[in-house]
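Okay, so here's the structure we're looking at.
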């Protein structure tokens, strides 16, 4: 189910895994292949991941590996995704998805591991559940943004209905995500991504006429406008959306995690090197809170 050591190293590089992690992952991979219990668990996990490939619904949660080795626990999802890769690529081919889109989409595994290493200083997968969307054919990287095939459901209706989105439950929509390590969120890059998405989903998912683009992110907290210039990339990104009222519950760790790399950093010690860093930290130090913003715009 897993490729041999030489091929595994090549696959990991294709998935944008950091070169400094490849050697250790190949070494642990031999252990996974040689241990019958680990091999059975791998097969079960892959079956869970690829079942109903491409079908929208409840998110897939990979089973947790109950194993004493810390490195193996942190890295085991890598082998699940690598073993599922032939299924994912076959689904992409069945939809006529170009190889470069497939490659850039699945390279989010390496990005996710980079986030883990930035925080902990060692190899691991930061959010396996997030990556299941990529390997199940639900999410695609198109330029600066990622677009997730989704449906307008009860949770969305509670939040976005107040922002004026009135479509029936089950209506196909696209959920926008902003990946890290891809430079500024410039208006030009967003325009390009949206143009690519219109062409991509119209061609490869013509059976899903997407009515709206949705976004749930701390980047849509309207309070950011109090701190950032009106022509900043974040403010101009916000202005694309019709925003719902502020959440009741604060999510202070969200901007701390994405701006500084670790949600558990002490507020008092947050750096003030950039306008955004000063905005996030100064707001928290003054007793304020940050919230997840919810927005939409028609497609």
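The values are calculated or read from the model by the stated rules, or taken from the named source; none is laboratory data. Values in this document were obtained by computation on a predicted structure and should not be read as measured data. Every residue, glycine as well, gets a Cβ built from its backbone with ideal geometry; the counts of neighbours run over all protein chains shown.
Side notes on the structure shown:
- Residue ID - nearest to residue 163 (Cα to Cα), chosen from residues in region 242-256 that are within 20 Å of the chain's Cα centre (by Cα) and in contact (Cβ under 8 Å) with a residue 12 or more places away in the chain: 251
- Restricted to region 187-223, and to residues there that are assigned to a helix (DSSP H, G or I) and free of Cβ contacts under 8 Å to residues at least 24 places away in the same chain, the residue that is farthest from residue 276 (Cα to Cα) is 202.
- Test for residue 169: is it over 19 Å from residue 64 (Cα atoms), at pLDDT below 90 and touching a helix residue (DSSP H, G or I) at 6+ places or on another chain (Cβ under 8 Å): yes
To keep it simple, each residue is scored yes or no on (1) at negative phi; (2) surrounded by 13 or more Cβ atoms within 10 Å (Cβ to Cβ); (3) at pLDDT below 95; (4) touching a strand residue (DSSP E or B) at 6+ places or on another chain (Cβ under 9 Å).
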site: 227; (1), (2), (3), (4): yes, yes, no, no
site: 234; (1), (2), (3), (4): yes, yes, no, no
site: 245; (1), (2), (3), (4): yes, no, yes, yes
site: 250; (1), (2), (3), (4): yes, yes, yes, no
site: 256; (1), (2), (3), (4): yes, yes, no, no
site: 263; (1), (2), (3), (4): yes, yes, yes, no
site: 279; (1), (2), (3), (4): yes, yes, no, no
site: 282; (1), (2), (3), (4): yes, yes, no, no
site: 290; (1), (2), (3), (4): yes, yes, no, no
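- Restricting attention to region 191-222 and to residues that are in contact with a helix residue (DSSP H, G or I) (Cβ under 8 Å, 6 or more places away or on another chain) and farther than 21 Å from residue 164 by Cβ, the residue that is surrounded by the most Cβ atoms within 10 Å (Cβ to Cβ) turns out to be 218.
- Single residue of region 224-233 satisfying the filter (under 24 Å from the mean Cα position of the chain (by Cα) and outside any loop (DSSP other than H, G, I, E, B)) that is nearest to residue 243 (Cα to Cα): 224
- Criterion: in contact with a helix residue (DSSP H, G or I) (Cβ under 6 Å, 6 or more places away or on another chain) and at pLDDT 95 or above - qualifying residue of 91, 140: 140
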